[in-house]
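The values are calculated or read from the model by the stated rules, or taken from the named source; none is laboratory data. All of these numbers come straight from a predicted model, not from anything done at the bench. With ideal geometry, Cβ positions are generated from the backbone for all residues, glycine too; neighbour counts draw on all protein chains shown.
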Protein chains: 2
Amino acid sequence: MVISRHTHDDTTRTVISVDAMGGDVGPAAVVAGIAHSAKKNPKIAFILHGPVASLKPLVARKKNLMDRVIFQNAPDTVRMQDKPTQVLRHGKSTSMWSAIEAVRDGKATVAVSCGNTGALMALSMIRLRKLEGINRPALAILWPSRNPQGFNVMLDAGADVRADAKDLLKFAIMGSSYARNGLNLRCPRVGLLNVGIEQNKGHAVLKSAYDLIGSFSGEAKYEFVGFVEGGDIPGNVCDVIVTDGFTGNVAIKTGEGTANLIGDLLGEAFRYTPLSRLASILSVSSFRRLQKRIDPRRVNGGVFLGLTGTVVKSHGSADATGVSAAVKLAFQLAQSGFAQKIASRVATAASLSQP
Amino acid sequence: MVISRHTHDDTTRTVISVDAMGGDVGPAAVVAGIAHSAKKNPKIAFILHGPVASLKPLVARKKNLMDRVIFQNAPDTVRMQDKPTQVLRHGKSTSMWSAIEAVRDGKATVAVSCGNTGALMALSMIRLRKLEGINRPALAILWPSRNPQGFNVMLDAGADVRADAKDLLKFAIMGSSYARNGLNLRCPRVGLLNVGIEQNKGHAVLKSAYDLIGSFSGEAKYEFVGFVEGGDIPGNVCDVIVTDGFTGNVAIKTGEGTANLIGDLLGEAFRYTPLSRLASILSVSSFRRLQKRIDPRRVNGGVFLGLTGTVVKSHGSADATGVSAAVKLAFQLAQSGFAQKIASRVATAASLSQP
């Protein structure tokens, strides 16, 4: 993968390929998000994919953004209800296709999209190909936790609703590699998500995965802590939580929804009496500290692991803050060279698993 | 089911059969919980199951509790790691078995246990039998939500890791009946948990369940809102969330863990500066209001639906507040006569589903 040079500027910039369309909140939020990232990080530039006639005025309205953006016209949008197979067949003119194509062609090192997860996954897998030894690439997300690093990695958060025992082993390998490179953990602790920590709990596939993941901990340089429960996703017993994409998707959305509910109820509680309204004024800085720590939009950027290119999936309902968080993650991953590290780690594991 | 009369008192009291053992926190928390319930509710009495020699001193230490409790000696305890099959074979002397037996024998109308979910389910199913037409009884829990009633019903929260399309239909019927009788909702809105709200998402079994649940909404008097996501569990698009016990269990534990993390981080944020410490003192009543609204211990009491008797499962890590919440729920269910209503509703649905 080549770090592309942005032609509008003398300095070397990392170019992020951004799908401007397909999110629930529209391209204005995406443009606001990349504007925020551009302001924060002078080393970042963008290829922005979508209907240029609509995008240009949005970009022009942001200060100093126009010279950081190359427009790539793509008239169509992948909708949330579109089937991945439809998109694969008829989606060449969509902004999502275009965004991934830019990574395939080496014009950018990473792509970011807020769109339809299934379509993004399908396009990524077809256009970028899977890493040798990977059957199901996975979406890995960061989740606020009690760990020293403040986050846990969880995968699969929804790339594929299924996963067999071997897929779950690969998730453990890829997730721990991500934790090593993204969170600087030398020997990440890996947990396998189940309905209880006892060995006799759960589906048969989980019992097989338990044995597989345990047997590879030495080669893949993680510590296997065994089964973990939903409460351990924001907990401190492990750094990487492995599960199938159905369970993972429901779990994080439940966690997000609960966090949002608490935030709103807290606001209500503080508006209840004159005294509590006074307290809320004095509490503003405390709440800001907390919000910065747990705001789901700041950690919503997931990354597809297991592909020969980097694709960051932002939450469909991501606003500007969410898009900016996803762009930041994309930038970090492009810089760390971890994609190559995962490839070699999976190749080692694959060769070891041969009879 | 007969409302038993407590012999130690002139007034008619609803007797709750309580398993004092098997929770993570020990019998002292259970006794503290029933003491709290006894103080709050003069119409409640208990049969307390466990090693009497250990339990009596705990009860004696609580004011006015001794004359509300009948002890039923059961020397053994079902441990969290015990397999349900072991318990079924060798568990006759356990407090859990004894607690369920009291319901079977009509000595109490409901049983409450903090113990091993799988064992409690297995014992309940074998000793109390399933309702006609029910293959998998389900654990239904209440979850804080944005709905006017403040809670959603979610099932299955972990009674069984599997569920086929017909099971999910029965969950919809039982859950809506519970919402009608427990939350006073005339026509509960039912949602089927998936990774997206689009009809083409998710497993094949969910697509079949979608059709089944939709086709029964008239007969079973609920409104089917279609697929919902994890974020809708604390949301306001439906009142009853239907899912298999694996997904449901992971989802609520993730939600609980996230809520607990936020609570702790909020405390930290308020200890950060002298000003924030002052704010926290002024905020005490606001936090109490919020805590009362969302404290997971207050809503942890789930209920097994689909049995010819009522069994309330309290969280394994429930403290006194949690036990008391479970006892309160048990009392309400015993009074509402909803078990009979579910039985007739399921029977109707079963007869309608015959070809």
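Listed conditions (1) surrounded by 18 or more Cβ atoms within 10 Å (Cβ to Cβ); (2) more than 8 Å from chain A (Cβ to nearest Cβ) are all met by B:E219, apart from (1).
Kindly indicate whether any position in the stretch A:175-185 is aromatic (F, W, Y) and either assigned to a loop (DSSP other than H, G, I, E, B) or modelled with pLDDT of 90 or more (or both). No: the stretch A:175-185 contains no residue that is aromatic (F, W, Y) and either assigned to a loop (DSSP other than H, G, I, E, B) or modelled with pLDDT of 90 or more (or both).
Taken as a whole, the stretch B:281-303 holds at least one residue that is away from every other protein chain (no Cβ under 14 Å), surrounded by 21 or more Cβ atoms within 10 Å (Cβ to Cβ) and at pLDDT 75 or above. Out of A:V59, A:V18, one residue alone is outside any helix (DSSP H, G or I) and either among the acidic types (D, E) or at pLDDT 90 or above (or both). It is A:V18.
Consider the stretch A:90-129 and keep the residues that are at pLDDT below 90 and more than 17 Å from the chain's Cα centre (by Cα). The one that is surrounded by the most Cβ atoms within 10 Å (Cβ to Cβ) is A:A108. Look at (1) surrounded by 24 or more Cβ atoms within 10 Å (Cβ to Cβ); (2) in contact with a Ser or Thr (Cβ under 7 Å, 6 or more places away or on another chain); (3) closer than 24 Å to B:A330 by Cα and you find that B:L193 fails only one, number (3).
Looking across the stretch A:191-212, just one residue is at the interface with chain B (Cβ under 8 Å from one of its Cβ atoms), in a loop (DSSP other than H, G, I, E, B) and of a type in the set (A, V, I, L, M), and that is A:V195.
Checked against the criterion of being within 21 Å of A:G226 (Cβ to Cβ) and modelled with pLDDT under 90, the candidates A:G191, A:G158, A:G202, A:G150 yield just one match: A:G202. Of all the residues in the stretch B:175-225, those that are among the polar types (S, T, N, Q) and in contact with a strand residue (DSSP E or B) (Cβ under 6 Å, 6 or more places away or on another chain) number 3.
Taking the stated definitions as given, is B:L123 in contact with a Gly (Cβ under 9 Å, 6 or more places away or on another chain) and farther than 20 Å from B:A20 by Cα? The answer is no for B:L123. Residues of the stretch B:325-348 being farther than 27 Å from B:C114 by Cβ and of a type in the set (S, T, Y), which ones? Those that are farther than 27 Å from B:C114 by Cβ and of a type in the set (S, T, Y): B:S344, B:T348.
Is it the case that the stretch A:131-140 has a residue that's over 27 Å from A:W97 (Cα atoms), among the basic types (K, R) and touching a residue at least 12 places away in the same chain (Cβ under 8 Å)? No, because not a single residue in the stretch A:131-140 is over 27 Å from A:W97 (Cα atoms), among the basic types (K, R) and touching a residue at least 12 places away in the same chain (Cβ under 8 Å). Scanning the stretch A:31-49 for residues that are farther than 15 Å from A:A334 by Cβ, in contact with a strand residue (DSSP E or B) (Cβ under 7 Å, 6 or more places away or on another chain) and not hydrophobic (A, V, I, L, M, F, W, C) gives a single hit, A:H49.
The residues of the stretch A:181-212 that are of a type in the set (V, I, T) and over 23 Å from the mean Cα position of the chain (by Cα), listed by number, are A:V195, A:I197, A:V205. Restricting the stretch A:226-238 to residues that are buried (at least 20 other Cβ atoms within 10 Å of the Cβ) and part of a strand (DSSP E or B), the residue that is nearest to the other protein chains (Cβ to nearest Cβ) is A:V228.
Please work out if A:G50 is at pLDDT below 95, within 25 Å of A:G91 (Cα to Cα) and surrounded by 23 or more Cβ atoms within 10 Å (Cβ to Cβ).
No, not satisfied.
Just to be sure before I move on: is B:I252 touching a residue at least 12 places away in the same chain (Cβ under 8 Å), of a type in the set (V, I, T) and either closer than 17 Å to A:K253 by Cα or not in a helix (DSSP H, G or I) (or both) in the structure I sent? Criteria met by B:I252. Within the stretch A:81-108, residues that are farther than 21 Å from A:A159 by Cα have Cβ atoms under 9 Å from residues that are among the aromatic types (F, W, Y) and part of a strand (DSSP E or B) in these pairs: A:A108/A:F46, counting only partners at least 6 apart in sequence or on another chain.
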